[in-house]
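Novice: Before I ask anything, here is the structure I am working with.
No lab work stands behind these numbers, since they all come straight from the coordinates. Computed from a prediction, not measured in an experiment: that's the story for all the values here. Cβ atoms come from the backbone with ideal geometry, glycine included; neighbour counts cover every protein chain shown.
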């Protein structure tokens with residue numbers, strides 16, 4: 001066996017054969033943001049007799065979290081050929097991906113899965129929480145507006161409009177032009193075939209929505225039709241009021257009786273719109289699985305954000321340290337010690353089942369952590385792999 005190592009370009013066909021066996025036929029072509037020549041070193045593989053037998057895919061990207069620049073690794077398409085399972089190959093590759101991410105300056109990892117492999121490696125599933133709203137056609141009609149026009153993006157040249165809208169989001173991926181082009185070319189977002197919709201008011205683009213087309217999705221992914229999943233907006237950005245006013249028209253155009261929207265908890269404006277319309281906000285677990293890669297670096301990179309919340313003088317008193325597998329946050333004479341990366345991940349990014357009270361006794365440090373945590377994470381959208 002050869003590896004762990006990066007995939008070689010001449011092995012891409014072998015990679016496709018493995019993915020076809022382990023997932024569904026054609027998956028590699030539907031995720032060009034992961035499977036492309038620029039990302040070969042992040043496609044960690046084990047090869048035997050010239051065939052890829054195990055794979056852990058990863059992208060490394062920058063994030064902006066309220067202006068703080070972070071690096072994230074997104075993990076996906078993790079698989080092992082049926083003939084080689086239960087030999088620890090995926091575990092070796094995942095650990096190798098974590099080590100590479102650390103060397104590359106990554107702060108934390110997002111995983112599109114929830115298996116035992118990730119839990120054993122220190123990932124946590126129930127981290128953070130969002131809201132979901134199910135909107136029925138009759139409800140959307142009450143706040144619709146004829147001023148909003150919906151334009152389906154048909155040409156690549158219009159992608160710069162989407163990019164300019166997304167750039168104004170406070171918590172976001174820093175996407176390259178290639179990211180938009182790759183997503184638009186295959187139109188496969190969050191494992192669904194999707195349409196890219198610009199929302200216009202007075203001929204001015206105000207927002208966009210990426211909406212799944214379930215008929216096309218069922219054609220691509222075997223078995224999806226049997227699951228009858230809800231139609232959930234894959235991604236939205238831009239003026240929230242325009243998004244709300246467009247929903248009735250969108251549901252009519254796509255013959256939808258109901259539409260689901262996932263709203264991150266940091267999106268106060270969208271949440272306020274939903275409450276104003278008296279729509280039911282259901283608290284749900286955040287999507288995906290997280291793991292901290294470099295604790296001290298992550299917290300230091302977020303220090304400017306902390307200063308905005310508690311002030312420069314207070315933020316300067318905070319200390320962050322990783323020592324002998326433990327994670328330490330200090331403030332003056334107080335400190336909290338988290339014993340492993342899994343618990344640290346839950347504290348830093350939030351967890352419904354483990355409130356901050358279970359990590360630290362009440363005091364000045366407790367009060368500060370309640371204000372600055374959890375650190376928000378952007379919605380996957382086009383970055384899902």
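Novice: Quick one: the Cα spread of the range 192-304 along its three principal axes, in angstroms, biggest first?
Specialist: That works out to 49, 41, 29 Å along the principal axes.
Novice: Would you mind ranking 345, 242 by Cβ crowding within 10 Å, fewest neighbours first?
Specialist: So the ranking, lowest neighbour count to highest, is 242, 345.
Novice: What does the highest-first list of 56-68, 280-292 look like by mean Cβ count within 10 Å? Kindly include the intermediate steps, with their values, before the conclusion.
Specialist: Details: 56-68: 19.8, 280-292: 18.2.
Ranked from most to least packed, the peptides come out as 56-68, 280-292.
Novice: Percent relative contact order of the range 129-285, based on C-alpha pairs within less than 8 angstrom and at least six residues apart?
Specialist: Relative contact order here is 37 percent.
Novice: Another one. For the chain, what is the convex hull volume of its Cα atoms per residue in Å³? Before the final figure, lay out each step's value.
Specialist: Working: hull volume 56.7 nm³, N = 385.
In the chain, the Cα convex hull volume per residue is 147 Å³.
Novice: I've got another one for you. Can you put 174, 7 in order of Cβ neighbours within 10 angstrom, beginning with the fewest?
Specialist: Sorted ascending by nearby Cβ count, the order is 174, 7.
Novice: Another one. Per-residue ellipticity at 222 nm for the chain, helices alone: DSSP H runs ≥ 4 residues times -39500 (n - 2.57), over residue total, nearest 500 deg cm²/dmol? Write down the numbers at each step before the final one.
Specialist: Numbers: 16 runs with 130 residues, N = 385.
After summing the helix terms and dividing by the residues of the chain, the value is -9000 deg cm²/dmol.
Novice: What shape does the range 290-340 have by the C-alpha gyration tensor, where a ≥ b ≥ c are the square roots of the eigenvalues, rounded means a/c under 1.5, and otherwise prolate means a/b greater than b/c and oblate the rest?
Specialist: Since a/c reaches 1.5 but b/c is at least a/b, the shape of the range 290-340 is classed as oblate.
Novice: Just grab the label-to-label distance for residue 332 and residue 370, each label 7 Å out from Cα along the Cβ direction, in nm (one decimal).
Specialist: The modelled label-to-label distance comes out at 1.7 nm.
Novice: Could I get the Rg over Rh figure for the range 1-92? Both from C-alpha atoms, Rh via Kirkwood, rounded to two places.
Specialist: Rg/Rh for the range 1-92 comes to 1.02.
Novice: Report, to two decimal places, the Cα Rg of the range 294-372 normalised by 2.2 N^0.38 Å (N = number of residues).
Specialist: So the Cα radius of gyration is 1.02 times the expected 2.2 N^0.38 Å.
Novice: A further question on this structure: Just the ratio, please: alpha-carbon radius of gyration of the range 129-285 over 2.2 N^0.38 Å, N its number of residues.
Specialist: Numbers: Rg = 15.2 Å, N = 157, 2.2 N^0.38 = 15.0 Å.
Rg over 2.2 N^0.38 Å, computed on Cα atoms: 1.01.
Novice: Same structure again: For the range 81-144 and the range 263-341, what is the separation of their C-alpha centers, rounded to whole Å?
Specialist: Centre-to-centre distance over Cα atoms comes out at 18 Å.
Novice: Here's something else I'd like to know. Can you work out D for the range 63-118 in µm² s⁻¹ from Stokes-Einstein, where Rh is the Kirkwood radius over C-alpha pairs, the temperature is 37 °C and the viscosity is 0.692 mPa s?
Specialist: D = 257 µm²/s.
Novice: Sorted from largest down, give the three principal axis spans of the alpha carbons of the range 37-163, whole angstrom values.
Specialist: 61, 34, 34
Novice: Hey, another quick one. Taking springs between alpha-carbon atoms closer than 10 angstrom, which of 312, 31, 208 fluctuates most in the Gaussian network model of the chain?
Specialist: Highest fluctuation among the options: 312.
Novice: For each of 235, 41, count neighbouring Cβ atoms within 10 Å of the residue's Cβ, then give the residues from fewest to most.
Specialist: Least crowded to most crowded, the residues run 41, 235.
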